[in-house]
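Undergrad: My questions all concern the structure below.
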Amino acid sequence: MDIRYFIGVDISKATLDWAVFDGKTIVLQSQSANSETGIKTTLKLLKALPGFTLREAVCCMEHTGIYNAHIISHLYKIKLSLWLESSLQIKKAGGLQRGKNDAIDAVRIAEYAFRFRDQMRLWQPPRPILQKLAVLSALRQRLLRVRQQLQQPITEQQGFVDATLQRQLLKSCQASIKSLTTDLEKADQQITHLIQSDERLKELFGWITSVPGIGSATATEVLVATDEFNQFTDPKKLACHAGVAPFEYKSGSSVRGKTSVSQHARKRLKSLFHLGAMSAIRMNGELQDYYRRKVAEGKNKMLVLNAVRNKLIHR
């Protein structure tokens with residue numbers, strides 16, 4: 001692509017800060033409301049730049065969840081190339097930084113897009129049905145988290161508090177826990193119906209859950225995280241994304257840290273693969289045999305368990 005203008009956008013809930021870099025200098029800076037009207041107003045300023053065309057421009061922004069919904073939807077509709085990048089990636093690439101505000105961040109994003117234009121990865125929207133699946137999966141996670149916050153303390157304090165008080169606490173939370181469980185069951189039913197209604201999702205879901213230890217929750221998260229395996233085609237990259245791949249930590253003759261996994265990971269995916277690995281080593285089969293053999297050889301149990309998580313991802 002022959003890009004002439006690199007647009008950086010810093011996104012917040014209420015506002016969008018824009019900066020346009022032409023490879024030499026910042027030719028435009030502006031702030032707009034994070035709304036359709038604000039975006040359209042700024043586009044008029046962009047189109048007034050000398051020789052500006054949508055085909056020769058790219059808009060780079062950070063992943064901000066729901067806050068970038070308006071700008072992504074509108075810019076994709078008018079066919080302006082979009083590049084969504086990790087905020088940590090942009091920050092690390094910027095080197096030592098002093099001071100911070102939204103206008104400066106927009107400039108840094110625009111300059112980042114120019115510097116790393118050879119590594120540009122243009123964004124494509126997932127299928128609408130996968131977007132629905134992502135929303136339902138997120139809802140399910142929130143319901144589980146809230147129910148656990150209510151249920152776990154009461155369960156753990158049993159035997160440590162007065163029996164009468166324990167019964168009162170259980171009674172106080174019983175209706176809430178029951179309601180959350182009902183909502184959770186409904187969310188599970190909606191997820192199942194959505195997957196079964198689409199041939200591609202149904203096929204992929206069947207393949208993923210055929211791996212011993214992998215259940216429906218993990219399979220759903222994998223479908224969302226990989227965009228139906230369009231974003232990741234290499235198991236090593238998925239293992240890295242899930243925080244399962246081990247990395248060395250050494251330099252010269254003096255720095256000799258332990259080989260460990262990176263903390264920059266999709267924590268939810270890592271947690272689910274951990275549960276899957278725990279399930280797999282309890283089932284008769286190759287993974288259980290592998291785990292027992294390595295532990296018998298004196299290997300650290302958590303290291304072996306991480307290897308099992310890696311094997312699940314590769315399968």
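Undergrad: When only residues in region 272-296 that are outside any helix (DSSP H, G or I) and either modelled with pLDDT of 95 or more or touching a helix residue (DSSP H, G or I) at 6+ places or on another chain (Cβ under 8 Å) (or both) count, which is nearest to PRO246 (Cα to Cα)?
TA: Kept after step one, since they are outside any helix (DSSP H, G or I), are these residues of region 272-296: 281-285.
If we keep only those that are either modelled with pLDDT of 95 or more or touching a helix residue (DSSP H, G or I) at 6+ places or on another chain (Cβ under 8 Å) (or both) too, we end up with 281-282.
On the way: ILE281: 20, ARG282: 24 Å.
Out of the qualifying residues, it is ILE281.
Undergrad: Has region 63-72 got any residue that is more than 26 Å from LYS132 (Cβ to Cβ) and either at pLDDT 95 or above or of a type in the set (S, T, N, Q) (or both)?
TA: Initially, region 63-72 is screened for residues more than 26 Å from LYS132 (Cβ to Cβ), giving none.
Looking for residues that are more than 26 Å from LYS132 (Cβ to Cβ) and either at pLDDT 95 or above or of a type in the set (S, T, N, Q) (or both), one finds none in region 63-72, hence no.
Undergrad: Can you name every residue in region 123-154 that is open to solvent by 70 Å² or more (accessible area, probe 1.4 Å) and closer than 24 Å to ALA217 by Cα?
TA: Once the filter is applied, which keeps residues that are open to solvent by 70 Å² or more (accessible area, probe 1.4 Å) and closer than 24 Å to ALA217 by Cα, region 123-154 yields ARG127, PRO128, GLN131, LYS132, VAL135, ARG142, ARG145, GLN148, GLN149, GLN151, GLN152.
Undergrad: Criterion first (within 25 Å of the chain's Cα centre (by Cα) and charged (D, E, K, R)) does GLU85 satisfy it? Explain how you work it out, then say what you get.
TA: Working: within 25 Å of the chain's Cα centre (by Cα): yes; charged (D, E, K, R): yes.
Criteria met by GLU85.
Undergrad: Ok, one more. Looking only at region 19-39, filter to residues that are in contact (Cβ under 8 Å) with a residue 24 or more places away in the chain and open to solvent by 30 Å² or more (accessible area, probe 1.4 Å); which one of those is farthest from ALA69 (Cα to Cα)?
TA: The extreme case among them is ILE26.
Undergrad: Report, by residue number, each residue of region 156-178 that is part of a loop (DSSP other than H, G, I, E, B) and surrounded by 11 or more Cβ atoms within 10 Å (Cβ to Cβ). Quick ask: steps written out before the conclusion?
TA: Our first condition is that a residue be part of a loop (DSSP other than H, G, I, E, B); within region 156-178, this holds for 157-162.
Of everything in region 156-178, those that are part of a loop (DSSP other than H, G, I, E, B) and surrounded by 11 or more Cβ atoms within 10 Å (Cβ to Cβ) turn out to be GLN157, GLN158, VAL161.
Undergrad: Here's something else I'd like to know. What tally of residues in region 103-122 results from selecting those that are without any contact (Cβ under 8 Å) to a residue 60 or more places away in the chain and either open to solvent by less than 60 Å² (accessible area, probe 1.4 Å) or not in a loop (DSSP other than H, G, I, E, B) (or both)? Working first, answer last.
TA: Residues of region 103-122 without any contact (Cβ under 8 Å) to a residue 60 or more places away in the chain: 104, 115-116, 118-119, 121.
Still in the list and also either open to solvent by less than 60 Å² (accessible area, probe 1.4 Å) or not in a loop (DSSP other than H, G, I, E, B) (or both): 104, 115-116, 118-119.
Adding up the residues that qualify gives 5.
Undergrad: Restricting to region 1-18, what's the tally of residues that are under 18 Å from SER86 (Cα atoms) and either of a type in the set (A, V, I, L, M, F, W, C) or open to solvent by less than 30 Å² (accessible area, probe 1.4 Å) (or both)?
TA: Summing the residues that are under 18 Å from SER86 (Cα atoms) and either of a type in the set (A, V, I, L, M, F, W, C) or open to solvent by less than 30 Å² (accessible area, probe 1.4 Å) (or both) in region 1-18 gives 9.
Undergrad: So which residues in region 216-240 are assigned to a helix (DSSP H, G or I), of a type outside the set (D, E, K, R) and out of contact with any helix residue (DSSP H, G or I) (no Cβ under 7 Å at 6 or more places or on another chain), if there are any at all?
TA: If we filter region 216-240 for residues that are assigned to a helix (DSSP H, G or I), which is where we start, we get 216-225, 235-240.
Those still in the list that are of a type outside the set (D, E, K, R) too: 216-220, 222-225, 235, 238-240.
CYS240, the sole residue that qualifies.
Undergrad: Could I ask something else about it? When region 73-102 is examined, which residues are found to be over 26 Å from GLN131 (Cα atoms), open to solvent by 40 Å² or more (accessible area, probe 1.4 Å) and not in a loop (DSSP other than H, G, I, E, B)?
TA: Scanning region 73-102 gives LYS91, LYS92, ASP102.
Undergrad: Can you tell me which residue in region 216-252 is modelled with the highest pLDDT, limited to those that are open to solvent by 30 Å² or more (accessible area, probe 1.4 Å) and farther than 21 Å from PRO126 by Cβ?
TA: Only one residue fits best here, namely LYS236.
Undergrad: Continuing with the same structure: Check region 191-198 and report whether any residue there is of a type in the set (Gly, Ala, Ser) and either surrounded by 19 or more Cβ atoms within 10 Å (Cβ to Cβ) or closer than 18 Å to LEU133 by Cα (or both).
TA: So the first thing to find is which residues in region 191-198 are of a type in the set (Gly, Ala, Ser), and the list is 197.
Next, from what is left, pick out any that are either surrounded by 19 or more Cβ atoms within 10 Å (Cβ to Cβ) or closer than 18 Å to LEU133 by Cα (or both): 197.
Yes; the residues of region 191-198 include at least one that is of a type in the set (Gly, Ala, Ser) and either surrounded by 19 or more Cβ atoms within 10 Å (Cβ to Cβ) or closer than 18 Å to LEU133 by Cα (or both).
Undergrad: Also: Evaluate the following for LEU269: is it free of Cβ contacts under 8 Å to residues at least 60 places away in the same chain, under 23 Å from LYS237 (Cα atoms) and assigned to a helix (DSSP H, G or I)?
TA: Numbers: free of Cβ contacts under 8 Å to residues at least 60 places away in the same chain: yes; under 23 Å from LYS237 (Cα atoms): yes; assigned to a helix (DSSP H, G or I): yes.
So LEU269 fits the description; yes.
Undergrad: Among the residues of region 192-222, which ones are more than 14 Å from LEU269 (Cα to Cα) and of a type in the set (Ser, Thr, Tyr)?
TA: THR192, SER197, THR209, SER210
Undergrad: So how many residues does region 41-68 have that are closer than 16 Å to GLN124 by Cβ and open to solvent by less than 80 Å² (accessible area, probe 1.4 Å)?
TA: So the count comes out to 5.
The values are calculated or read from the model by the stated rules, or taken from the named source; none is laboratory data. Just so it is clear, the model here is predicted, and its values are computed rather than measured. Cβ atoms come from the backbone with ideal geometry, glycine included; neighbour counts cover every protein chain shown. Areas reflect the complete protein model, heavy atoms only, side chains present, ligands, DNA and RNA absent. Shrake-Rupley method; radii C 1.70, N 1.55, O 1.52, S 1.80 Å.
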